[in-house]
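Asks: Structure incoming, see below.
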Amino acid sequence: MKLTKTLLASTALTVVAGAAMAGGHMSDSMTLVSWGGAYQASQDNAYVVPYVAMNEGVSATWDESSAEAVAKLRAMNEAGNVTWDVVDVVAADAIRLCDEGLALEIDHDEQLADAPDGTSASDDFGDLIVSDCFIPQIVYSTTFGYRTDLVPEGVAPPSEICSVFDLETYPGKRSLERRPINNMEWALLCDGVAKDDVYDVLETDEGQDQALAKLGTIKDSVIWWSAGADTPQLLADGEIFMGSTYNGRLFSVIEEQNQPVAIMWDAQVFDLDGWIVPAGLSDEREARALDFVSFATDTQRLADQAKYISYGPARLSSAPLVSTHATLGIEMAPHMPTDPANAKNTFLYNYEFWADYRDDIDAKFQAWLAQ
Amino acid sequence: MTDKSSGPMLAADGTPLKRSLSRALRMQKVRALLLIAPLLLFVVLTFLAPIADMLFRSVENQIVSETLPKATLELADWDGDGLPSDAVYEATFFDLFAAAERKLHTRLGTRLNYEETGMSSLFRRTGRKLDDFGDVYLDQFKKVDRAWSKAAPWAEMMSDPDWLAGQEALGRGDAGPPFVLRAGMETLLPRTSDAYQTFARAMQEEDDNPADEKPWATVHIALAEDLATQDVSTYTGPGKDRLQATAALVGSADFETLDYTAMFLDINDNWGDTDVWRTIKLYSPAYTSGYFLNAVDMQLTPDGPEWRDEREQIYGLLFKRTLYMSLVITLSCIMLGYPVAWLLANLPTRQSNLLMILVLLPFWTSLLVRTSAWKVMLQQQGVVNDVLVWLSIVPDDARLALINNQTGTIIAMTHILLPFMILPMYSVMQTIPPTYLRAAKSLGATNWTAFWRVYFPQSVPGIGAGSILVFILAIGYYITPAIVGGTSGTFISNRIAYHISSSGNWGLGAALGALLLAAVLILYWAYDRIVGIDNVKLGG
């Protein structure tokens with residue numbers, strides 16, 4: 001194992017070094033895969049435009065398929081024709097891709113840029129490197145937005161997670177994601193389970209029933225969403241009082257569309273998004289992909305992305321460099337999920353737990369929904 | 001009568017007419033076949049073959065026996081009670097070690113996690129820790145001779161001299177011809193030969209030269225076991241002194257050996273859970289009925305198929321719902337489409353052309369746009385509810401729930417599938433001569449009788465064609481139900497989509513798809529028996 005690792009690292013080194021010296025050994029076109037929308041635009045502005053400007057003759061094409069990245073990469077791998085070079089996925093998918101041998105293992109210190117002060121990449125990213133294949137990019141959070149104009153008179157705006165389950169104080173519909181992840185945790189938290197015990201409880205059949213029973217108390221008032229754009233639309237139309245979605249989507253509803261919406265940060269769930277390089281690329285394409293990824297995840301580039309969207313850069317060293325929004329001109333730091341004022345009570349997506357329990361709990365959850 | 005006496009009728013060239021005719025016909029058939037060959041080939045290659053391949057995954061289960069070949073063999077003798085024997089743990093160690101080196105163990109973990117929660121992390125963690133245990137033997141071997149930890153001495157001892165000579169000339173990244181074992185090794189050191197061959201094959205798979213790579217820990221372990229049982233004093237090849245000295249060490253009392261059961265339990269408690277082993281044993285065969293059982297809310301157990309826990313039953317419900325709602329959608333398409341088709345067929349050309357454009361216009365609009373438009377129309381703060389409240393038909397605090405439920409799915413899908421009903425009806429109605437109705441009326445029929453007894457029976461083939469089209473399209477729809485269906489209006493296809501693109505359980509997705517296909521074929525057959533497929537027309 002150690003031998004293979006050193007071998008891998010040295011091969012990668014020679015490839016990178018060789019490519020850097022000769023220059024001509026990297027393929028001059030690449031296909032990047034992302035989620036589309038404002039997020040992909042922010043990546044295009046912060047990473048791709050400067051990269052293409054620096055490397056003359058290189059062209060990049062976008063494919064908006066990140067939602068089906070695992071299935072498509074598996075199919076491509078079986079067909080023996082991988083057409084993607086760099087793929088943006090959530091951390092859970094990166095772990096699965098790594099497990100299935102569909103993503104390239106990365107030596108983070110060798111293949112990624114150091115921080116400006118010389119800190120190695122693995123120290124700079126820290127715990128966010130949740131898989132050997134995963135190159136972290138942003139921290140985003142799933143949290144709640146609510147209509148400020150629908151808060152009943154004489155009542156304080158919702159400030160803690162259990163107001164989601166409190167239909168008496170805060171009447172109105174909610175929107176929750178149509179999957180067990182996050183919802184089960186929130187339900188248990190509001191059913192008297194201590195934060196540290198949530199996953200121990202959720203491992204048991206009784207715990208799962210308890211969470212579903214708690215969700216059952218608001219089931220009739222919930223609209224279940226499956227696309228990230230659903231909750232912002234429902235909020236903007238006044239269809240719901242509060243709903244969960246990604247914090248960047250709420251930022252754009254609030255600051256760009258000026259809707260009467262506010263964010264409730266309590267018990268927000270942090271998740272990571274980043275790059276993987278598919279396994280089985282030709283040497284030229286792999287060299288280009290690694291070169292791009294190394295550039296796109298350096299300290300400055302990650303900080304630049306925050307000019308376009310309110311997701312926190314994954315490097316520690318990028319945080320002080322986060323500046324103002326590119327068009328709105330507002331300070332971005334207070335809108336980051338990682339900002340100390342917002343991150344008083346947070347969860348980190350439990351990758352290990354959900355890798356094991358996802359199939360089982362999802363089956364129960366979907367059956368519960370359908371009844 | 002004269003024919004009979006004068007033998008078979010002859011063609012101009014003297015061959016019997018029958019044969020000459022059939023030859024000419026055959027030529028024609030071949031020519032026709034050649035003409036459609038490109039299409040046939042295209043359909044088979046790009047459509048039928050992938051579907052067959054996908055459906056095949058609903059029973060295919062080779063991953064278990066391919067990743068754990070030795071362990072599944074050993075498990076066959078295990079009766080399922082208590083923990084399996086040490087031999088099973090040993091076989092599992094060798095299999096898993098090789099799988100982990102080739103990064104296949106997590107793939108198997110993912111597969112088995114569909115059946116038993118926790119397998120995914122069990123395999124991932126075990127793969128990471130296996131390395132730590134294998135070095136017990138190498139550390140002891142090294143005390144005899146440090147050469148055991150190098151690549152070359154092993155290669156010299158294990159491989160055929162000719163093969164090895166060929167390997168030396170190879171450059172980097174060249175694996176060379178398949179590994180050849182030294183003659184006689186198979187009988188001298190059987191386990192070591194087996195382990196080294198597995199190692200060499202894996203190296204060559206990754207384009208590495210096995211002669212340059214240090215063997216895995218499994219090879220060391222196999223050697224220790226061989227030396228404990230085999231007599232190596234007859235061996236005269238390279239490294240014979242080293243081998244005999246090591247044999248003496250293995251034979252001595254202070255040689256430390258590995259207890260596989262204890263090692264696995266040390267890596268993870270779950271290896272002591274009989275359920276884990278039962279699951280592996282249950283899914284050892286190359287083909288399984290497990291996916292199909294899952295698709296009908298059952299599960300495979302050592303005692304045969306059993307119903308799933310009631311809280312996890314969902315597919316039966318979804319199949320029934322899909323059929324029921326597709327039927328409702330088909331019926332509402334008939335109700336709405338029939339008058340429109342009649343108008344199209346009977347209005348003067350100018351008006352009917354305009355109407356035709358109106359029918360086709362939504363057809364040319366993106367499906368997503370149409371479905372999302374229904375969201376705007378039907379939601380509680382939407383156009384329909386606003387109008388109803390404004391007209392005081394519905395109170396403001398009790399707005400109708402028209403979307404995110406079955407109603408939403410039925411409305412949106414009826415709208416989307418309507419053209420598929422109208423067009424076949426229209427093309428059939430166009431061929432019904434208007435004189436028939438006039439004749440019926442002149443013979444004294446009322447408007448209703450004339451329509452019901454004369455016109456309607458002639459339009460039935462159009463209804464049949466439209467119904468089949470709409471029903472079969474509806475049964476497999478998933479985008480629209482996903483967007484407007486909420487929880488009560490989703491179809492079985494939404495679960496298929498989930499398993500194909502999200503959960504990665506392609507086997508279950510394929511089983512559900514196969515069942516759906518079977519359901520459609522049965523319904524088609526029933527339709528043929530009841531209505532008759534000859535009674536279906538798509539036009540004139």
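Asks: Would you mind calculating the relative contact order of the stretch B:58-156 from Cα pairs under 8 angstrom and at least 6 residues apart, reporting the percent as a whole number?
Replies: Values: 70 pairs, mean separation 18.5, N = 99.
Relative contact order, the stretch B:58-156: 19 percent.
Asks: OK, next. Taking all protein chains as present, what is the carbon and sulfur share of the accessible area of the stretch B:65-185, in % to the nearest whole number, probe 1.4 Å? Each step should come with its number before you reach the end.
Replies: On the way: 2570 of 5180 Å².
C and S fraction of accessible area: 50 percent.
Asks: Cα atoms only: what Rg and Dmax, in Å, come out for chain B?
Replies: Computed over the Cα atoms of chain B, radius of gyration and Dmax are 36.1, 116 Å.
Asks: Excluding ligands, DNA and RNA, what is the accessible area buried between chains B and A, summed over both sides, using a 1.4 Å probe, to the nearest 100 Å²? Each step should come with its number before you reach the end.
Replies: Working: alone 29590 and 16340 Å², together 42060 Å².
Summed over both sides, the interface buries about 3900 Å².
Asks: Right, next: Averaging over all projection directions, find the projected area of the Cα convex hull of the protein assembly as shown and quote it in nm² with one decimal place. Write down the numbers at each step before the final one.
Replies: Working: hull surface 234.2 nm².
Taking the Cα atoms of the protein assembly as shown, their convex hull projects to 58.5 nm² on average.
Asks: List the chymotrypsin sites (Phe, Trp or Tyr not before Pro) within the stretch B:62-134 that DSSP assigns to loop and that have no more than 10 neighbouring Cβ atoms inside 10 Å. Walk me through the intermediate numbers first.
Replies: Numbers: sites: B:78, B:89, B:93, B:94, B:97, B:114, B:123, B:133; in loops: B:78, B:114.
Qualifying residues, ordered by number: none.
Asks: Right, another one. Of B:294, A:269, B:249, whose Cα points farthest to the positive end of the dipole of the protein assembly as shown (charges on the beta-carbon: +1 Lys, Arg; -1 Asp, Glu; origin at the Cα centre)?
Replies: Working it through, the farthest residue towards the positive pole turns out to be B:294.
Asks: Then there is this: Provide the per-residue ³J(HN,Hα) series for the stretch B:335-345, in order, calculated from phi with Karplus coefficients 6.51, -1.76, 1.60 and θ = phi - 60°, each as a whole number of Hz, with x at glycine and proline positions.
Replies: Along the stretch B:335-345, the couplings run 4, 7, x, 4, x, 5, 4, 5, 4, 4, 7 Hz.
Asks: Further, regarding this structure: Relative contact order for the stretch B:66-277: what is it in percent, counting Cα pairs under 8 Å that are at least 6 residues apart? Before the final figure, lay out the partial values.
Replies: Working: 248 pairs, mean separation 49.9, N = 212.
24 percent.
Asks: Mean residue ellipticity at 222 nm from the helices of chain A, using -39,500 (n - 2.57) per DSSP H segment of n ≥ 4 over the full residue count, to the nearest 500 deg cm²/dmol?
Replies: On the way: 15 runs with 140 residues, N = 371.
Computed mean residue ellipticity for chain A: -11000 deg cm²/dmol.
Asks: Oh, and also: Hey, what D do you get for the stretch B:315-535 in µm²/s if you plug the Kirkwood alpha-carbon radius into Stokes-Einstein at 37 °C and 0.692 mPa s?
Replies: Calculated translational D: 168 µm²/s.
Asks: Now a separate question. Normalised by the empirical 2.2 N^0.38 Å for globular proteins, what value does the Cα Rg of the stretch B:66-277 take? Intermediate values should be presented prior to the final figure.
Replies: Working: Rg = 17.9 Å, N = 212, 2.2 N^0.38 = 16.8 Å.
Scaled against compact globular proteins, the figure is 1.06.
Asks: So, one more: List the lysines whose alpha-carbon lies under 17 Å from that of residue B:18, not counting same-chain residues fewer than 8 positions away?
Replies: Within the straight-line cut-off, residue B:18 pairs with B:4, B:29.
Asks: Same structure, new question: For residue A:344, list the lysines whose Cα falls under 30 Å from its own Cα; do not include residues on the same chain fewer than 8 positions away.
Replies: In chain and number order, the partners are A:173, A:195, A:214, A:219, A:307.
Asks: Give me the dipole magnitude in Debye, nearest 20, for chain A about the Cα centre, with unit charges on the beta carbon: positive for Lys and Arg, negative for Asp and Glu. Numbers along the way, then the final one.
Replies: On the way: 22 positive and 59 negative charges, 116 e Å.
In debye, rounded to 20, chain A gives about 560.
Asks: A further question on this structure: Carbon-plus-sulfur fraction of the accessible area of chain A, 1.4 Å probe, in percent?
Replies: Values: 7300 of 14400 Å².
Carbon and sulfur together cover 51 percent of it.
Asks: With every protein chain present, what is the per residue accessible area of chain A (1.4 Å probe, Å²)?
Replies: Counting only protein heavy atoms, the per-residue value for chain A is 39 Å².
Asks: What trypsin sites (Lys or Arg not before Pro) does the stretch B:127-214 have in DSSP loop regions with at most 16 other beta carbons within 10 Å? Write out the running numbers ahead of the final one.
Replies: Details: sites: B:128, B:129, B:142, B:143, B:146, B:150, B:172, B:182, B:191, B:201; in loops: B:150, B:172, B:182.
Counting only loop positions with at most 16 other Cβ atoms within 10 Å, the trypsin sites (Lys or Arg not before Pro) in the stretch B:127-214 are B:150, B:172.
Asks: Got a sec to turn the phi values of the stretch B:85-91 into Karplus ³J(HN,Hα) couplings, 6.51 cos²θ - 1.76 cosθ + 1.60 with θ = phi - 60°, whole Hz, x for Gly and Pro?
Replies: 6, 4, 4, 5, 4, 5, 4
Asks: If you find the alpha carbon centre of the stretch B:236-256 and of the stretch B:96-115, how far apart are they in angstrom?
Replies: Each part reduced to its Cα centre gives a spacing of 35 Å.
Asks: Let me ask something else. Could you sort A:239, A:206 by their accessible area in this structure, using a 1.4 Å probe and putting the largest first?
Replies: Descending order: A:206, A:239.
Asks: Quick one: dipole size for chain B, taken about the Cα centre, charges +1 on Lys/Arg Cβ and -1 on Asp/Glu Cβ, in debye to the nearest 20. Mind showing how you got there, number by number?
Replies: Values: 44 positive and 55 negative charges, 983 e Å.
Once rounded to the nearest 20, the dipole reads 4720 debye.
Asks: Tell me, what does the Kirkwood hydrodynamic radius of the stretch A:231-361 come to in angstroms if you use every pair of distinct C-alpha atoms?
Replies: Working: mean 1/r = 0.0585 Å⁻¹.
Across the stretch A:231-361, the inverse of the average 1/r is 17.1 Å.
Asks: Name the residues of the stretch A:317-364 whose accessible area falls by at least 10 Å² when all protein chains are present instead of the chain alone, probe 1.4 Å?
Replies: A:352, A:355, A:356, A:357, A:358, A:359, A:360, A:362, A:363, A:364
Asks: Apply the Debye scattering formula to the stretch B:190-315, with a single equal point scatterer on each alpha-carbon and no solvent, then give log10 I(q)/I(0) at q = 0.11, 0.19 Å⁻¹.
Replies: -0.68, -1.11
Asks: Roughly how big is the stretch B:315-535's charge dipole about its Cα centre, with Cβ charges of +1 (Lys, Arg) and -1 (Asp, Glu), in debye to the nearest 20?
Replies: Values: 11 positive and 5 negative charges, 62 e Å.
It comes to approximately 300 debye.
Asks: Report, to the nearest whole %, how much of the accessible area of the stretch B:315-535 belongs to carbon and sulfur atoms, 1.4 Å probe, protein only. Each step should come with its number before you reach the end.
Replies: Values: 7540 of 10780 Å².
Here it works out to 70 percent.
Asks: Another question about this same structure. Work out the FRET efficiency for residue B:439 and residue B:336 from their Cβ-Cβ distance, taking R0 = 35 Å, and round it to the nearest 0.05. Could you put the intermediate results ahead of the total?
Replies: Working: r = 29 Å, r/R0 = 0.84.
After rounding to 0.05, the efficiency reads 0.75.
Asks: Here's something else I'd like to know. Mind listing, in residue-number order, the residues in the stretch A:238-281 that have at least 50 Å² less accessible area with every protein chain present than in their own chain alone (1.4 Å probe)?
Replies: A:239
Asks: Follow-up. Please calculate how many Å² of accessible area the stretch B:315-535 carries per residue, with a 1.4 Å probe and no DNA, RNA or ligand atoms counted.
Replies: Working: 10780 Å² over 221 residues.
It amounts to 49 Å² per residue over the stretch B:315-535.
Asks: Let me cross-check residue A:221: its accessible surface, 1.4 Å probe, with only protein heavy atoms counted, in Å² to the nearest 10?
Replies: Taking all protein chains as shown, residue A:221 has close to 30 Å².
Asks: With runs of 4+ DSSP H residues as the only contributors, calculate the mean residue ellipticity of chain B at 222 nm using -39,500 (n - 2.57) per run, divided by the residue total and rounded to the nearest 500. Walk me through the numbers on the way to the answer.
Replies: Numbers: 27 runs with 342 residues, N = 540.
Rounded to the nearest 500, it is -20000 deg cm²/dmol.
Asks: Next up: For the pairs B:70/B:129; B:281/B:320; A:72/B:281; A:364/B:103, note any where the Cα-Cα span goes beyond 23 Å.
Replies: Working: B:70/B:129 20 Å; B:281/B:320 34 Å; A:72/B:281 31 Å; A:364/B:103 31 Å.
Flagged as over cut-off: B:281/B:320; A:72/B:281; A:364/B:103.
Asks: What residues of the stretch B:366-392 lose no less than 20 Å² of accessible area with every protein chain in place versus their chain by itself (probe 1.4 Å, heavy atoms only)?
Replies: B:375, B:379, B:380, B:381
Asks: Now, a different point. As an exercise, identify the GluC sites (Glu not before Pro) in the stretch B:229-338 lying in DSSP coil whose Cβ has no more than 11 other Cβ atoms within 10 Å. Don't skip to the answer; put the middle values down first.
Replies: On the way: sites: B:256, B:306, B:310, B:312; in loops: B:256.
When the GluC sites (Glu not before Pro) of the stretch B:229-338 are filtered for loop state and at most 11 Cβ neighbours within 10 Å, B:256 remain.
The values are calculated or read from the model by the stated rules, or taken from the named source; none is laboratory data. Bear in mind the structure is a predicted one, so any value in this text is a computation, not a measurement. Neighbour counts are summed over all protein chains in view; Cβ atoms, including those assigned to glycine, are modelled from backbone coordinates with ideal geometry. In case anyone asks, the SASA skips ligands and DNA or RNA and just uses the protein heavy atoms, side chains included. Shrake-Rupley method; radii C 1.70, N 1.55, O 1.52, S 1.80 Å.
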